[in-house]
Structure formats: structure tokens, C-alpha cells
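Reviewing the structure listed below.
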Amino acid sequence: TESSKTITPKSIKNLWGTFSQLLRQAHREGLLANLPQPALPKATDEDPQWFTPEQMRVLAAAAPLYAVFAETGARQGEVFALQVGDIDLKAKTLSISKDVYNGKVDTLKSRAARRVLAISDQLVAILAPKCQVLSQKNFLFSTANGTMLWPSKEIQRLHRAAVDRGIAAAGFHAFRRGNATILGSDLAAPEKIAAYRLGHSS
């Protein structure tokens, strides 16, 4: 299908799982005569697992949202839950204390997941314009209406942004795995520091 050019097989399978539930309900109510059985693309060993440093650099230049993912390696829900008040431009820090799950913001239960990360001058410069015009409780990244981002839509946008730049489509976790690879292999960061930045207990 046309979608398979910009969306990973796993994402297509997830989208079909949601859509097929609606089709089955329509079939039960007699609104649909036959249930379609599409041939879904199969995942292969070539499906991307992480973004390389260069790929993250390219994507970070495309959108502030991607810049935060690329530099922090934070989880998807943690980034979507960020508020302007979580960014300290003077101290150059980003505080992670919440996440988004099933459309709701909640505090992180794990002590290890709650952390304050140092951020670069480059990321400070990228985030400053947003932080200077929004209130402290506004989402750092939001829809046009100011509501929280919807994961499925943002993943599709990320896929398109990657493919448009010659990068294989992958989800937000590819930033996290890429970050972990840089910390462990490229920078040889001490385990405690790597674990802290990624929000792991060990």
C-alpha cells in the first residue's frame, strides 16, 4: 500500500488492529457484508531499531520536538507531558516528572524516572522562543488548540519527516535507543550517568 512507504510494518499492524475493531462492530450490526482481509507488510530484520547520531542531528534541525528527543533520549510520554515550567533556560535544565498515558498526564511513579537533565546551549536556543511566549503550565509541545499531542499522529509526522530526509521510518523510541548507543558506545559514559539520563534504576 501507499502507507507502507512512510509507515513501518509494526505501525501499520497497530493501525489496522484499531480499524479492524470498528469493522467487526459494523459487521456485527449488519452494516458491513464482508470483513476485508488485507495483506499487511511483514517486518524484516532491516526495520530500523535506532537513529544514528547524524540522523538525529538532521531530524533535530527539522523540529524542536525532535531536538528534545534527540538530545535527551526521553520516553515518548515524558516528552509529550513536558510543560514550559519544566524548562529552566538560565540553569539550562529540563525536568522530567510526568508522562502521558492513554491521553492523560500523570506523575512518574518511579524515583529513577524522575530526573533533571542538563541541556545544551543549542537546545536552549531552540526552546527559548516557545518558553518566552507561553505560560508555565502550557504544554511545551501541543496541538494548535493547545491540547496535548496525539501519539499516532505525531508518529506519522515523524515517519514522513524521516523519509523526506532519506532516513528509514521509525518511531520515537529510535531516538531513545540512539541516545543509549551514544552514551554507552561513543561517549563511554559511566553507567550511573547513562542510567540517570535515560531514567533507569540501573
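Restricting the range 46-123 to trypsin sites (Lys or Arg not before Pro) that sit in a DSSP loop and have at most 16 other Cβ atoms within 10 Å of their own Cβ leaves Lys90, Lys92, Lys109, Arg111, Arg114. Listed peptides 153-162, 26-35 appear in the order 153-162, 26-35 once ranked by packing, highest mean of other Cβ atoms within 10 Å at the front.
With helices as the sole contributors, the chain gives -13000 deg cm²/dmol at 222 nm; each DSSP H run of n ≥ 4 counts as -39500 (n - 2.57), and the sum is divided by every residue. Above 15 Å, the calculated P(r) of the range 91-176 contains 72 percent of its Cα-Cα pairs. Taking other residues whose beta carbon is less than 13 angstrom from the beta carbon of Phe141, and scoring Lys, Arg as +1 and Asp, Glu as -1, yields 0.
Hydrophobic, long helices, defined as DSSP H runs whose alpha-carbon span along the helix axis is 15 Å or greater and whose mean Kyte-Doolittle value is at least 0.0, occur in the chain at 121-133.
Here the accessible area of the chain is 54 percent carbon and sulfur, with a 1.4 angstrom probe and all protein chains present. In a reduced charge model with +1 at each Lys and Arg Cβ and -1 at each Asp and Glu Cβ, the range 149-202 shows a dipole moment near 160 debye about its Cα centre. Springs join every pair of Cα atoms under 10 Å in this Gaussian network model of the chain, and among Ser97, Ser110, Ser152 the largest mean-square fluctuation is at Ser110. Checked against a 18 Å cut-off, the cross-linked pairs Lys92/Lys130; Lys104/Lys153; Lys109/Lys137; Lys109/Lys130 give Cα-Cα distances beyond that limit for Lys109/Lys137; Lys109/Lys130.
Counting Lys and Arg as +1 and Asp and Glu as -1, what is the net charge of the other residues whose Cβ lies under 10 Å from the Cβ of Arg115? Its environment carries a net charge of +2.
Of all the options Thr181, Thr52, Thr147, the one that moves most in a Gaussian network model of the chain with Cα springs shorter than 10 angstrom is Thr147.
Where the alpha-carbon atoms of the chain are placed on the principal axes, they occupy 62, 37, 33 Å, in descending order.
When the Cα positions of Ile182, Ser142, Leu108 are compared along the charge dipole of the range 88-202, Leu108 comes out farthest toward the positive end, with charges on each C-beta of Lys, Arg, Asp and Glu. About its Cα centre, the chain has a charge dipole of approximately 480 debye under the convention of +1 per Lys or Arg Cβ and -1 per Asp or Glu Cβ, with nothing else charged. Accessible surface for the range 47-189, divided over its residues, is 52 Å² per residue with a 1.4 Å probe.
The values are calculated or read from the model by the stated rules, or taken from the named source; none is laboratory data. Computed from a predicted model, the values in this text were never measured in an experiment. For neighbour counting, all protein chains shown are included, and Cβ atoms are generated from backbone atoms with ideal geometry for every residue, glycine included. Heavy atoms of the whole protein, side chains included, go into the accessibility calculation; ligands, DNA and RNA do not. Shrake-Rupley method; radii C 1.70, N 1.55, O 1.52, S 1.80 Å.
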